[in-house]
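Visitor: If you scroll down you'll find the structure; I have some questions about it.
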Amino acid sequence: MFRNKVIVITGGAGGIGKCIAEEFIKEGATVSVIDCIEGDHYVGNIGDKAALEDFARSVIDKYGRVDVLVNNAPPIMRGISQCSYEEFQNALAVGVTAPFYLSKLFAPYFAPGASIINISSSRDRMSQPQTESYTAAKGGIAALTHALAVSFAGKVRVNSISPGWIDTAYTVYEGPDAIQQPAGRVGNPLDIANMVLFLASDKAGFITGENICIDGGQTRLMIYHGDHGWSLTP
């Protein structure tokens, strides 16, 4: 399905991004990764404009086109009590500005049938205390998705995925950690990678501007004090 397709993935050296890269490679795709982790890929900070420009140039010089762009690299998570101005700006640079700018840099080079897939988070719609930088960035990329979908109408489909609890070590949880989720388990990177490949395929040809939450149903469980064994300790 993706044989000889050119796939670009940010944050593709570990966790969910690495799984996405591996699944595309299994399908015969050529994958270009940018990550700040050292390795056999483009090593760079996507919060830096010059790094994004150099990376994009290297992809186009080598392949001449992009079939799929996966904006996956996560921003830092800092809360309002400790997050500095600079840290908050960095979170937005990594989580929102970089996906926007890469989309802009690749705009003239997207192949027919191309797709952009942004990785948001279920935190784009709910929060824990002290998560402002990450949550704001994830909310931003979710909104950026439908804006890009409209701007790229007829040229590139743009969708986003909002993962819930994804354990990148594939740990199998039991007890409350598992059964608190309607699906009965914690997620793993393949749950996200499978959807990325679907959204990038022709099977999803009528889907654009959409956000798909993959969280085992957690955000759909209405909780009141006393329900399902939950209790609030003031």
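Every number here is computed from the coordinates shown, using simple stated rules; none is lab data. Everything numeric in this text was worked out from a predicted model, so none of it was measured. Note: ideal-geometry Cβ built from the backbone for every residue, glycine included; neighbour counts use all protein chains shown.
Visitor: Residue 153 label point, 7 Å along Cα→Cβ, cut-off 15 Å on backbone N: hits in the range 187-219?
Guide: 207-210
Visitor: Further, regarding this structure: In percent, what relative contact order does the chain have, based on Cα pairs under 8 Å that are 6 or more apart in sequence? It would help to have the intermediate numbers written out before the result.
Guide: On the way: 457 pairs, mean separation 43.1, N = 234.
The normalised contact order for the chain reaches 18 percent.
Visitor: Report the FRET efficiency, 1/(1 + (r/R0)^6), for residue 185 and residue 221, where r is their Cβ-Cβ distance and R0 is 22 Å, rounded to 0.05. Could you put the intermediate results ahead of the total?
Guide: Values: r = 14 Å, r/R0 = 0.65.
The calculated FRET efficiency here is 0.95.
Visitor: Holding the Cα-Cα limit at 27 Å, pick out from 62/138; 26/138; 26/49; 18/138 the pairs that are longer than that. Before the final figure, lay out the partial values.
Guide: Working: 62/138 31 Å; 26/138 29 Å; 26/49 31 Å; 18/138 19 Å.
Checking Cα-Cα distances, 62/138; 26/138; 26/49 exceed 27 Å.
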